[in-house]
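The values are calculated or read from the model by the stated rules, or taken from the named source; none is laboratory data. Values in this document were obtained by computation on a predicted structure and should not be read as measured data. Because the Cβ atoms are built from the backbone with ideal geometry, glycine has one as well, and the counts that use them run over all protein chains shown. Surface accessibility is based on the protein's heavy atoms, side chains included, excluding ligands, DNA and RNA. Shrake-Rupley method; radii C 1.70, N 1.55, O 1.52, S 1.80 Å.
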Amino acid sequence: RECRTVSGICDMIKPMFSTCRRLLPLIGLMGGAALFAADDSRPNILFIITDDQRWDQLSYTGHPVLKTPNIDRIAQEGASFDNFFVATPLCSPSRASFLTGLYPHTHRVFNNDKLGIDVISHTLMTFPRQLREQGYETAYIGKWHMGLDDSRRPGFDSWISFKGQGIYIDGVINDNGTRRQLRGNMTDYLNRRALEFVNQPHDKPFCLYLGHKAVHNPFLSSPRHEELYSDYEFQVPPRNEADLAGKPALSRKRPKLDRPKMEGIGPEPAEPRRGRGYDPQSIVRDQLRCLAAVDEGVGQLLAALERTGELDNTIFIYTSDNGFFMGEHGSFNGKRMPYDEALRVPFFIRYPKLIAPGSNRDELTLNIDVAPTLLDLAGVESVIPMHGESLVPLLQDTNANWRKAFLAEYYLEKVAAKTPTWKAVRTDRWKYIHYLIADDQGDPCGYDELYDLETDPNELKNLVNHPEQQTRLTEMKAQLEGMLNQLN
């Protein structure tokens with residue numbers, strides 16, 4: 001008889017929040033948005049994603065000179081997932097996987113080519129979209145990069161973005177339907193708008209998704225950081241001919257791209273480097289300079305959450321959309337290939353109500369795990385099935401059962417014909433890569449690769465033809481086929 005009104009129900013269930021947040025999905029089934037309106041103690045979410053940032057491109061993960069104290073703080077006061085990978089080492093499909101919990105073969109944002117991606121990204125059932133339907137205030141600030149279209153996507157109360165890649169200097173943004181010409185650096189602008197959102201009053205829990213353009217090419221930093229790291233001498237990994245010989249799919253002859261015929265297919269024209277060098281030293285120093293502004297923005301957001309008393313009730317995540325080659329396997333300033341330098345990214349999460357400071361997890365975790373994790377912590381049951389799994393069990397129990405292998409995939413782009421479509425399966429020790437093209441002799445498996453990551457962590461020695469590894473090769477092929485069938 002005490003539960004005849006919404007307020008009565010809220011009064012009864014409120015004590016349960018602090019002891020058993022896992023009950024929240026049940027509440028959601030009873031009409032969560034209405035129930036939480038009176039006193040919504042669910043966590044805020046602040047998700048920050050950079051572009052093309054390697055897992056080791058932070059001081060916390062061991063970079064020799066880079067200083068990122070504010071980003072490091074997230075890991076120091078939360079958890080670092082040291083074996084966190086993206087399902088596809090490319091911007092657009094990876095971002096869609098973060099948002100949906102799905103592999104590209106299901107969400108269909110296959111690559112960075114323009115055809116159809118605009119339309120598809122409007123149809124995605126993203127985790128912010130689901131959160132908004134269950135009572136969250138949602139905001140998108142930054143790089144969307146699924147097609148050129150910068151119009152508001154469903155599920156966001158506030159939308160600040162730009163077309164395609166956008167540009168660093170004096171860019172144009174779509175500010176909730178109004179296009180504005182900016183002055184200055186895009187990273188600083190995005191930091192400022194994110195800070196404004198956090199500082200404004202909120203009568204509901206919020207989800208802020210901040211997508212930085214940094215540290216993507218052409219690596220243009222704020223003027224105040226121009227002299228940082230000027231003495232850093234980056235050492236390019238030496239060219240390894242044996243490594244390249246074991247990767248025939250990447251050295252095969254390919255027809256030259258007909259750029260005029262590709263008009264309207266590929267990404268927009270690149271922003272100029274403004275006189276900066278294209279040599280590795282110049283590029284690497286500018287990458288680090290770009291990260292300086294990102295780190296400043298993280299510090300500002302942490303301070304704002306502390307001032308408002310919301311820091312410990314906010315799930316704060318920092319990650320990247322894919323890794324980056326810095327000379328490994330003969331590739332500099334690239335991605336797309338199925339090696340860990342491109343697949344592995346940083347992933348830090350701070351939420352003291354669940355995570356002990358300084359936690360480190362080494363399980364195989366993926367970008368498809370983010371959406372189900374955040375919905376789980378917010379007490380929202382997903383309206384779509386997801387390929388990913390919630391990370392909450394790993395954060396609650398060091399002995400939690402978890403995946404022992406994962407699938408990675410990539411689809412050929414018309415603008416990047418060097419890398420063919422591939423599927424790969426990776427375990428703690430082994431990686432098997434299958435390219436979906438036949439070699440010059442017509443062998444459909446002629447370009448395959450197999451690596452023992454325990455003895456060869458840099459993936460330099462292809463063991464696919466090694467006599468002693470044929471049983472392992474057969475097992476890995478079967479595992480890949482089984483995962484593809486399971487994921488349909």
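Structure values in brief
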{"item": "Carbon/sulfur fraction of accessible area - the chain, other protein chains in place, 1.4 Å, %", "result": "51 percent"}
{"item": "Lys/Arg +1, Asp/Glu -1 at C-beta; the chain dipole; positive extreme among A87, P128, A214", "result": "P128"}
{"item": "³J(HN,Hα), Karplus 6.51/-1.76/1.60, whole Hz, each residue of the stretch 122-133, x for Gly, Pro", "result": "6, 9, 5, 8, 7, 5, x, 4, 5, 5, 4, 5"}
{"item": "Under-5 Å amide H pairs with G101, H placed in peptide plane, nonlocal only", "result": "A371"}
{"item": "Contour minus Cα-Cα distance for Q181 and L484 (0.36 nm per residue)", "result": "104.5 nm"}
{"item": "K414/S282 FRET efficiency (R0 45 Å; Cβ-Cβ; nearest 0.05)", "result": "0.95"}
{"item": "In order through the stretch 243-249: 3J(HN,Hα) via Karplus (6.51 cos²θ - 1.76 cosθ + 1.60), integer Hz, x for Gly, Pro", "result": "4, 5, 5, x, 10, x, 5"}
{"item": "Zone residues, the stretch 444-488, relative to N401, backbone N less than 13 Å from point 7 Å out along Cα-to-Cβ", "result": "none"}
{"item": "The stretch 328-396 - convex hull of alpha carbons, volume per residue in Å³", "result": "128 Å³"}
{"item": "Ratio of the Cα radius of gyration of the stretch 356-488 to 2.2 N^0.38 Å, where N counts its residues", "result": "1.25"}
{"item": "Rg/Rh for the stretch 278-378, where both radii come from Cα atoms and Rh is the Kirkwood radius", "result": "1.03"}
{"item": "Helix-derived mean residue ellipticity, 222 nm - over the chain, DSSP H n ≥ 4, -39500 (n - 2.57), to 500", "result": "-8000 deg cm²/dmol"}
{"item": "For Q469, net neighbour charge (Lys/Arg +1, Asp/Glu -1) across residues whose Cβ lies under 11 Å away", "result": "-1"}
{"item": "Modelled label reach - T427, point 7 Å along Cα→Cβ, the stretch 444-470 residues with backbone N closer than 20 Å", "result": "448-470"}
{"item": "Crossing angle, helix 91-100 versus the chain [Cα axis fit, 0-90 degrees, rounded to tens]", "result": "40 degrees"}
{"item": "Inter-centroid distance (Cα atoms) of the stretch 218-234 relative to the stretch 314-346, Å", "result": "20 Å"}
{"item": "Which of S282, G299, P346, positive extreme of dipole for the stretch 279-391 (C-beta unit charges)", "result": "S282"}
{"item": "Rounded to whole Hz, the Karplus (6.51, -1.76, 1.60) HN-Hα couplings of the stretch 140-157, x for glycine and proline", "result": "10, 10, x, 7, 8, 6, 10, x, 8, 4, 9, 6, 4, 8, x, x, 10, 5"}
{"item": "Computed magnitude of the charge dipole of the chain (debye, nearest 20; Cβ of K, R +1, Cβ of D, E -1)", "result": "1040 debye"}
{"item": "Cα pair distances exceeding 46 angstrom across the chain, given as percent", "result": "10 percent"}
{"item": "Förster-model FRET efficiency, 51 Å R0, R192 and R252, C-beta, rounded to 0.05", "result": "0.60"}
{"item": "Principal axis dimensions, largest first and in whole angstrom, of the stretch 57-155 by Cα", "result": "42, 34, 22"}
{"item": "Distant-in-sequence amide H partners of N322 (H built 1.01 Å from N, under 5 Å)", "result": "D52, Q53"}
{"item": "Crossing angle, helix 470-487 versus the chain [Cα axis fit, 0-90 degrees, rounded to tens]", "result": "40 degrees"}
{"item": "Sequence-distant lysines (8 or more away, or on other chains) whose Cα lies within less than 20 Å of K404", "result": "K423, K431, K477"}
{"item": "Viscosity 1.002 mPa s, temperature 20 °C, Stokes-Einstein D of the stretch 182-225 from Kirkwood C-alpha radius, µm²/s", "result": "176 µm²/s"}
{"item": "Over the stretch 130-214: Kirkwood hydrodynamic radius from C-alpha pairwise inverse distances, Å", "result": "13.1 Å"}
{"item": "Share, in percent, of DSSP beta bridges within the chain that are antiparallel, nearest 5", "result": "55 percent"}
{"item": "Distant-in-sequence amide H partners of I167 (H built 1.01 Å from N, under 5 Å)", "result": "V172"}
{"item": "Ordering of 188-198, 408-418 by burial proxy (mean other Cβ atoms within 10 Å per residue, highest first)", "result": "188-198, 408-418"}
